[in-house]
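Visitor: Structure provided below as structure tokens; questions to follow.
The values are calculated or read from the model by the stated rules, or taken from the named source; none is laboratory data. Because the structure is a prediction, the values reported are computed rather than measured. Cβ atoms come from the backbone with ideal geometry, glycine included; neighbour counts cover every protein chain shown.
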Amino acid sequence: MDDNIILKVEHITKRFPGTLALDDVQLTCEKGKVHVLLGENGAGKSTLVKIISGVYSLDEGQMYYDGKQVKYETIRETIDNGISMIHQELNLLPDRTIAQNIFIGHEPKKKGMPWLIDYKKMLNESQKLLDDLGVDLNPATLVKDLSIAQQQMVEVVKALSNSIKLLIMDEPTSSLTSKEIEKLFEIVEKLKQKGVAIIYISHRMDEIKRIGDQVTVMRDGKYIDTVDAKTMDMDSIVAMMVGRTIGNMYIRNYREPGKVVLETKNLKGLRFRNVNIKIHEGEIVSLSGLIGAGRTEIAKALFGDEPILEGSYSFLGKEINKPTPKECIKQGMAFLVEDRKEEGLILPMPIKSNVVSASLTKVFPNKIINAKKEKEVGDKYRDMLRVVSPNSDKVVGELSGGNQQKVVIGKWLNTDCRFIIFDEPTRGIDIGAKAEIYQLMDNLVNEGYAILMISSELNEVIGMSDRVYVMKEGEITGELGRSELTQDNIMQKALGRREKANDKLNA
């Protein structure tokens, strides 16, 4: 085997009860290269990297690592051999220090006293690792006092403490700002220079050419193809991922706006002030801006989840001063929150129970839950929104991100709402599901709904919006019509000065 190749897997097959998760899959990774693994949710990416990292054992096939054929059965084996994985859900102990997290399981011991941890050495070694990657953190800091981005950096340093040769990164930028992403990419480049091979899983197509060297596409548990990341054709990649040509991702059938649904008057909240926006029937209006701009805070205030300190707003012609979520729902407002798993869904419960959760009084007016009616409503929205599930009895936590988002939409549509706030509508969703969500949003506004969208993706904002209000430090700095929507125009207003536009603004 070529000395530059650190990992090669061939004919990998993995079965679970009733499911063929991987079917004759292959992957080759080179030292000092980033190998991007692409595919929709359910394509088999996670199963493959869990086999490589020792979480699962393979059923069939061969795995060659560092010149030898191997078959790892435990995570400890892979770590001891230089393979580490950073999961999308970070795996740190919040009440322990950075140093304790970095060296957990292999703490340095005092000379001659192997039962005692050498905390001074652990702090010094942690500081060296942090400094080596340019991470400006004190190793004595508790993890619970760190931002998500800083915790992500600690995960990388934790992996490096094991003298890694292969690092697997699963959606590492999903919760990071553009500045934090740049820092992470700098670290990735340093790892490449050290000869570390990286398997990088991401749904963000704009990152691939930037960070990747090679791209392997998977679909339905099968290997599709491997291409050069720098020269690949994005449309072809998408077609390989979803098994069909997506065409134009952002499908909008623009229409003449109808009556005003929501209008704010000098609205002031905890982290915004002097906000005046207007949204009509048949429109998708976006709030855009950098981190801390106050976009989500406005949405929460409109929905009664945060206080309105000054001003008011009218909704469907009615003046609102002190809204509550219960009253807003009753009036016809819906709020699809950014974190659907924590706040938007009840993950252990089935689709049908989630769909009726915001409209219990409507579905069960006698206040007695009727199982037949619940299933009838659940099946209705499962079919209408094309949720991939055999029935509405399936537990929501077992669905893909895109299907979970469809369930959230169904939950709110069942309340008979007419105005929907979408906060990060496609975060953590694969590209095929994104296209479906965009189509659904367009269908809704063409039926007369009004949508307020908050998005961290500039392409999404430009592709889907009728109008955009740009924010900076809690204030509206400008309004852009459809013909004015460019990255430069949005960024100029978001920054207050001319600066090259990035592909991503941050929540």
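Visitor: Could you list all residues from the stretch 354-407 that are of a type in the set (D, E, K, R), at pLDDT 90 or above and under 21 Å from Pro325 (Cβ atoms)?
Guide: Correct list: Lys362 only.
Visitor: Which helices (runs of 4 or more DSSP H) does the stretch 340-441 wholly contain that include 2 or more residues that are surrounded by fewer than 19 Cβ atoms within 10 Å (Cβ to Cβ)?
Guide: 360-363, 371-384
Visitor: Could you check the stretch 50-103 and list, in sequence order, the residues that are among the charged types (D, E, K, R) and more than 16 Å from Met169 (Cβ to Cβ)?
Guide: Asp59, Glu60, Asp66, Lys68, Lys71, Glu73, Arg76, Glu77, Asp80, Asp95, Arg96
Visitor: Within the stretch 281-315, which residues are in a strand (DSSP E or B) and under 29 Å from the mean Cα position of the chain (by Cα)?
Guide: Ile284, Val285, Ser286, Leu287, Ser288, Gly289, listed by residue number.
Visitor: Taking the criterion of being among the hydroxyl-bearing types (Ser, Thr, Tyr), surrounded by fewer than 20 Cβ atoms within 10 Å (Cβ to Cβ) and over 19 Å from Lys318 (Cα atoms), would at least one residue in the stretch 278-294 satisfy it?
Guide: No, the conditions are met nowhere in the stretch 278-294.
Visitor: Which residue pairs have Cβ atoms under 7 Å apart, sit 6 or more places apart or on different chains, and have a first residue in the stretch 140-158 that is of a type in the set (Lys, Arg) and a second that is surrounded by 14 or more Cβ atoms within 10 Å (Cβ to Cβ) and part of a helix (DSSP H, G or I)?
Guide: Listed by first residue and then by second, the contacts come to Lys158/Asn101; Lys158/Ile102.
Visitor: All but one of (1) out of contact with any Gly (no Cβ under 6 Å at 6 or more places or on another chain); (2) under 22 Å from Ser53 (Cβ atoms) hold for Lys192; which doesn't?
Guide: Answer for Lys192: the failing condition is (1).
Visitor: Moving to a separate point now. Six or more apart or on different chains, Cβ under 7 Å: which pairs go from a residue in the stretch 344-367 that's more than 18 Å from Leu399 (Cα to Cα) to one that's part of a helix (DSSP H, G or I) and hydrophobic (A, V, I, L, M, F, W, C)? Could you list them?
Guide: Ala358/Ile329; Ala358/Trp412; Val363/Val356; Val363/Val377
Visitor: Further, regarding this structure: Give the residues of the stretch 69-126 that are touching a residue at least 60 places away in the same chain (Cβ under 8 Å), over 22 Å from Asp145 (Cα atoms) and among the hydrophobic types (A, V, I, L, M, F, W, C), sorted by residue number.
Guide: Listed by number, the residues that qualify are Ile79, Ile83, Met85.
Visitor: Hey, Gly18 hits all of (1) at pLDDT 90 or above; (2) of a type in the set (Gly, Ala, Ser); (3) more than 24 Å from the chain's Cα centre (by Cα) but one; which does it fall short on?
Guide: The one condition Gly18 does not meet is (1).
Visitor: Counting only residues that are among the polar types (S, T, N, Q) and surrounded by fewer than 14 Cβ atoms within 10 Å (Cβ to Cβ), which one in the stretch 1-25 is farthest from Gln214 (Cα to Cα)?
Guide: Ranking the candidates gives Thr19 first.
Visitor: Of the numbered conditions (1) in a loop (DSSP other than H, G, I, E, B); (2) of a type in the set (Val, Ile, Thr); (3) at pLDDT 90 or above, Val49 fails exactly one; give the number of that condition.
Guide: The one condition Val49 does not meet is (1).
Visitor: Please find, within the stretch 128-149, the residue that is surrounded by the fewest Cβ atoms within 10 Å (Cβ to Cβ) out of those that are among the β-branched types (Val, Ile, Thr) and within 19 Å of Thr173 (Cβ to Cβ).
Guide: The selected residue is Ile148.
Visitor: Against the definition (touching a strand residue (DSSP E or B) at 6+ places or on another chain (Cβ under 7 Å), in a strand (DSSP E or B) and aromatic (Phe, Trp, Tyr)), how does Tyr56 come out, yes or no?
Guide: No; evaluated as a whole, the condition is false for this residue.
Visitor: Give just the number: which of (1) crowded, with 17+ Cβ neighbours inside 10 Å; (2) assigned to a loop (DSSP other than H, G, I, E, B) does His35 not satisfy?
Guide: For His35, the exception is condition (2).
Visitor: Among Asn91, Asn101, which is under 25 Å from the mean Cα position of the chain (by Cα), polar (S, T, N, Q) and more than 27 Å from Gly401 (Cα to Cα)?
Guide: Going through Asn91, Asn101 in turn, just one is under 25 Å from the mean Cα position of the chain (by Cα), polar (S, T, N, Q) and more than 27 Å from Gly401 (Cα to Cα): Asn101.
Visitor: Can you name the number of the only condition in (1) closer than 26 Å to Ala299 by Cβ; (2) among the acidic types (Asp, Glu); (3) free of Cβ contacts under 8 Å to residues at least 24 places away in the same chain that Asp416 fails?
Guide: All conditions pass for Asp416, except number (3).
Visitor: Does Glu125 satisfy the condition of being in contact with a Ser or Thr (Cβ under 9 Å, 6 or more places away or on another chain), surrounded by 15 or more Cβ atoms within 10 Å (Cβ to Cβ), acidic (Asp, Glu) and on the phi < 0 side of the Ramachandran plot?
Guide: So Glu125 passes the test.
Visitor: Please verify whether Glu327 is among the acidic types (Asp, Glu) and either closer than 20 Å to Tyr469 by Cβ or crowded, with 22+ Cβ neighbours inside 10 Å (or both), treating the condition exactly as stated.
Guide: For Glu327, the condition - among the acidic types (Asp, Glu) and either closer than 20 Å to Tyr469 by Cβ or crowded, with 22+ Cβ neighbours inside 10 Å (or both) - is not met.
Visitor: Being of a type in the set (Lys, Arg) and under 16 Å from Asp132 (Cβ atoms) is the filter here; which residues of the stretch 142-197 pass it?
Guide: Lys158, Lys183, Lys190, Lys192, Lys194
Visitor: Restricting to the stretch 457-484, and then to whatever is surrounded by 20 or more Cβ atoms within 10 Å (Cβ to Cβ) and in a loop (DSSP other than H, G, I, E, B), can you tell me which residue is modelled with the lowest pLDDT?
Guide: Gly474
Visitor: Inspect the stretch 58-68 for any residue being under 29 Å from Glu180 (Cβ atoms) and of a type in the set (S, T, N, Q) and give the result as yes or no.
Guide: No, every residue in the stretch 58-68 fails to be under 29 Å from Glu180 (Cβ atoms) and of a type in the set (S, T, N, Q).
Visitor: Output the residue which, of all residues in the stretch 335-365 that are in contact with a Ser or Thr (Cβ under 6 Å, 6 or more places away or on another chain) and not charged (D, E, K, R), is nearest to Ile421 (Cα to Cα).
Guide: Taking the candidates together, the pick is Ala358.
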